[in-house]
1. Determine, yes or no, whether ASP205 is of a type in the set (Asp, Glu) and touching a residue at least 60 places away in the same chain (Cβ under 8 Å).
2. For segment 152-188, how many residues are outside any helix (DSSP H, G or I) and over 19 Å from the mean Cα position of the chain (by Cα)?
3. Can you name every residue in segment 10-30 that is crowded, with 19+ Cβ neighbours inside 10 Å and not in a helix (DSSP H, G or I)?
4. Go through segment 18-34 residue by residue and tally those that are touching a helix residue (DSSP H, G or I) at 6+ places or on another chain (Cβ under 9 Å), among the small types (Gly, Ala, Ser) and closer than 16 Å to GLN230 by Cα.
5. What residue, among those in segment 196-222 that are loosely packed, with under 15 Cβ neighbours inside 10 Å and not aromatic (Phe, Trp, Tyr), is farthest from LYS156 (Cα to Cα)?
6. Restrict the check to segment 167-185 and report whether at least one residue is in contact (Cβ under 8 Å) with a residue 60 or more places away in the chain, closer than 14 Å to GLN208 by Cα, touching an Asp or Glu at 6+ places or on another chain (Cβ under 7 Å) and open to solvent by 20 Å² or more (accessible area, probe 1.4 Å).
7. Being under 30 Å from PHE102 (Cβ atoms) and surrounded by 16 or more Cβ atoms within 10 Å (Cβ to Cβ) narrows it down to one of ARG263, ARG244, ARG152, so name that one.
8. Based on this model, can you work out whether GLY260 counts as part of a loop (DSSP other than H, G, I, E, B) and small (Gly, Ala, Ser)?
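The values are calculated or read from the model by the stated rules, or taken from the named source; none is laboratory data. Predicted model only: the values in this text are computed from it and were never measured. Please note: Cβ atoms are built from the backbone with ideal geometry, for glycine as well, and neighbour counts cover all protein chains shown. Ligands, DNA and RNA are excluded from the accessible area calculation, which covers all protein heavy atoms including side chains. Shrake-Rupley method; radii C 1.70, N 1.55, O 1.52, S 1.80 Å.
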Amino acid sequence: KSWDQQFDVIVVGSGAGGMTAALCAHAQGLSALVVEKADQYGGTSAVSGGGIWIPCSDEHQKAGARDSFDEALTYLKGLLGTDVTAARLRAYLKNGPEMVRFLHQKFGVQYKSVQRYPDYYPDRPGGKDGFRSLEPADFDAAQLGDEFERQREPYKGTLLMGRVAMTQVEAQQLFSRGPGWIWLTIKMMMKYWFDFSWRRRTWRDRRQVLGQGMVSALRYAMMQKNIPLQLQTGMETLVQDGGRVTGITVTHQGRTLRYGARR
């Protein structure tokens, strides 16, 4: 039976991992499609903190981190034991920084070092009290145009007073009432309330951070490269030929369609 559409790569799910996969396929000269069963894109990534654990990245080095590949490997081995092979751990630590660098240089997707976000077990061998986690750089939602309306909204509990976006670093300062927290609160609120043109459009903050910032940057990069995203398209089955997956069947607006994946 023929295909309704064909692509080199089909990605199921529009979270951060899915959109990154589609971008990487495009960078290799392959055509890609992202399908999402919901009527909004972003998945759980859009409502997450957006943080990623990538030791020894360029951003950490620029911020003054004192860390090494061997220390990070010691930390992971101590926590995971033999559950994950040493080769896989080394691959993660080697390719993590390369991934962050690639997304920045190729697609403009940026992360920034979080100085005071500790490892979950900083007292274990190789553990650190900061400079290993990254959070998404701020993103201006206006760049998305109408596509902003199709993005999954943040949980209001992650916003200052249920409206104003705040990064991990800002949240730590505000909730611990660290030095300057009052002025920071005033500055953030004023920036939000005086953005009259944007507030006429939506209650959501123009400034996107955490998972919202991550998802927006990836979606914007997809838009720049004309990588299609199809919402309300739920995968039903994998199509196989001789034991090899060659496509998927999906349900889209009440219709069952067959999408071929050449690669």
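1. Against the criterion (of a type in the set (Asp, Glu) and touching a residue at least 60 places away in the same chain (Cβ under 8 Å)), ASP205 qualifies.
2. 10
3. The answer is ILE10, VAL11, GLY13, SER14, GLY15.
4. Selection size over segment 18-34: 4.
5. Quick first cut of segment 196-222, residues loosely packed, with under 15 Cβ neighbours inside 10 Å only: 196-197, 200-203.
If we keep only those that are not aromatic (Phe, Trp, Tyr) too, we end up with 197, 200-202.
On the way: SER197: 21, ARG200: 19, ARG201: 18, THR202: 14 Å.
Out of the qualifying residues, it is SER197.
6. Taking segment 167-185 first, the residues in contact (Cβ under 8 Å) with a residue 60 or more places away in the chain are 168.
Still in the list and also closer than 14 Å to GLN208 by Cα: 168.
After this cut, where a residue has to be touching an Asp or Glu at 6+ places or on another chain (Cβ under 7 Å) as well, the list is 168.
From the residues that got through so far, the ones that are open to solvent by 20 Å² or more (accessible area, probe 1.4 Å) too are 168.
Yes, some residue in segment 167-185 is in contact (Cβ under 8 Å) with a residue 60 or more places away in the chain, closer than 14 Å to GLN208 by Cα, touching an Asp or Glu at 6+ places or on another chain (Cβ under 7 Å) and open to solvent by 20 Å² or more (accessible area, probe 1.4 Å).
7. Result of the check over ARG263, ARG244, ARG152: ARG152.
8. Details: part of a loop (DSSP other than H, G, I, E, B): no; small (Gly, Ala, Ser): yes.
When the stated conditions are applied, GLY260 does not pass them.
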